[in-house]
Amino acid sequence: MSNAPLRIGLTGGIGSGKSSVAALLVGHGATLVDTDAIARALTQTGGAAIEPIRQSFGDAAISAGALDRAYMRQLAFGDGDAKRRLEAILHPLIGIEAERQARAAAAGVVVFDVPLLVESGRWRQKVDRVLVIDCNESTQVERVVARSGWSREAVQAVIDQQAPRAARRSCADAVIFNDGGLSRAQLAQAVGALWQHWGAVHT
Ligand code: ATP
């Protein structure tokens, strides 16, 4: 019997279904640590990343006290060095805040939603299990276009910058294949089965 929470790293490409799975896990009683939400908070007005970003990128990167996302997206997309500099500021701060939230959680299961878990490397050793949500790229494109109205090319460009599906799957302790053929009810069933399996092994 262990009192330390089971730490699950949840990852997957854009539009794969991470948020849907995270919500289902929360429904089973998990505490969610959402690293995208942490990144947004860090880069809002008054966020801890604002001054380091201003020092590194200048006033042009800040608009009304918050990170100018459009400016930064444009800059980081074509410039690998700018992307790395931004990540060097954000990733340690995200790690600290994620850890703070995890420690505040009651014992049980903590789910870290980390879109770039495979790409960033440092997350693998911070979690006990990696859960990968996988689906075909065409499904990712369809979902994100439907959800956000982005062009297919814009979604594909993001996919191309993320880790390949095979690399993600090779880091996984479990994979849920959440493709077009899987209904929401079947997705819920798959998450429920995994919850039972991992919960039973953990306690
Ligand atoms: P992002 O990385 O862009 O935040 P995500 O991996 O968190 O995406 P979700 O937001 O969970 O993915 O899912 C993307 C879209 O696809 C959402 O609109 C969601 O409702 C839908 N979706 C996910 N899984 C299914 C499914 N099995 N059946 C139908 N729709 C689904």
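The values are calculated or read from the model by the stated rules, or taken from the named source; none is laboratory data. Everything numeric in this text was worked out from a predicted model, so none of it was measured. A quick note on method: Cβ atoms are made from the backbone with ideal geometry, for glycine too, and the neighbour counts reach across all protein chains shown. Calculation scope for accessible area: heavy atoms of the full protein, side chains included, ligands and nucleic acids excluded. Shrake-Rupley method; radii C 1.70, N 1.55, O 1.52, S 1.80 Å.
Identify the residue in the range 7-26 that is within 19 Å of G95 (Cβ to Cβ) and open to solvent by less than 10 Å² (accessible area, probe 1.4 Å) and, among all such residues, is nearest to the ligand (Cβ to nearest atom). Applying the filter and picking the extreme gives A22.
For the structure I just gave you, tell me whether I94 is at pLDDT 95 or above, under 18 Å from the mean Cα position of the chain (by Cα) and open to solvent by less than 50 Å² (accessible area, probe 1.4 Å). It is true that I94 is at pLDDT 95 or above, under 18 Å from the mean Cα position of the chain (by Cα) and open to solvent by less than 50 Å² (accessible area, probe 1.4 Å). R40 falls short of the stated requirement of being open to solvent by 60 Å² or more (accessible area, probe 1.4 Å), over 30 Å from V175 (Cα atoms) and basic (K, R).
Close contacts from the range 41-61, counting a first residue that is in contact (Cβ under 8 Å) with a residue 60 or more places away in the chain and a second that is outside any loop (DSSP other than H, G, I, E, B) and open to solvent by 80 Å² or more (accessible area, probe 1.4 Å), with Cβ to Cβ under 8 Å and a gap of 6+ residues or different chains, come to none at all. If only residues of the range 125-161 that are of a type in the set (S, T, N, Q) and in contact with a helix residue (DSSP H, G or I) (Cβ under 7 Å, 6 or more places away or on another chain) are counted, the one that is farthest from S16 (Cα to Cα) is Q156.
F77 passes every criterion in (1) at negative phi; (2) away from the ligand (no atom under 16 Å from the Cβ); (3) in a loop (DSSP other than H, G, I, E, B); (4) of a type outside the set (A, V, I, L, M) apart from (3). It is to be established whether one or more residues within the range 66-81 are without any contact (Cβ under 8 Å) to a residue 24 or more places away in the chain, aliphatic (A, V, I, L, M) and exposed (fewer than 13 other Cβ atoms within 10 Å of the Cβ). Yes, the range 66-81 contains at least one residue that is without any contact (Cβ under 8 Å) to a residue 24 or more places away in the chain, aliphatic (A, V, I, L, M) and exposed (fewer than 13 other Cβ atoms within 10 Å of the Cβ). Can we say I94 is within 16 Å of the ligand (Cβ to nearest atom), in a helix (DSSP H, G or I) and within 26 Å of E51 (Cα to Cα)? So I94 fits the description; yes. Could you look through the range 27-47, keep only residues that are hydrophobic (A, V, I, L, M, F, W, C) and in contact with a strand residue (DSSP E or B) (Cβ under 9 Å, 6 or more places away or on another chain), and pick out the one that is farthest from the ligand (Cβ to nearest atom)? The extreme case among them is L42.
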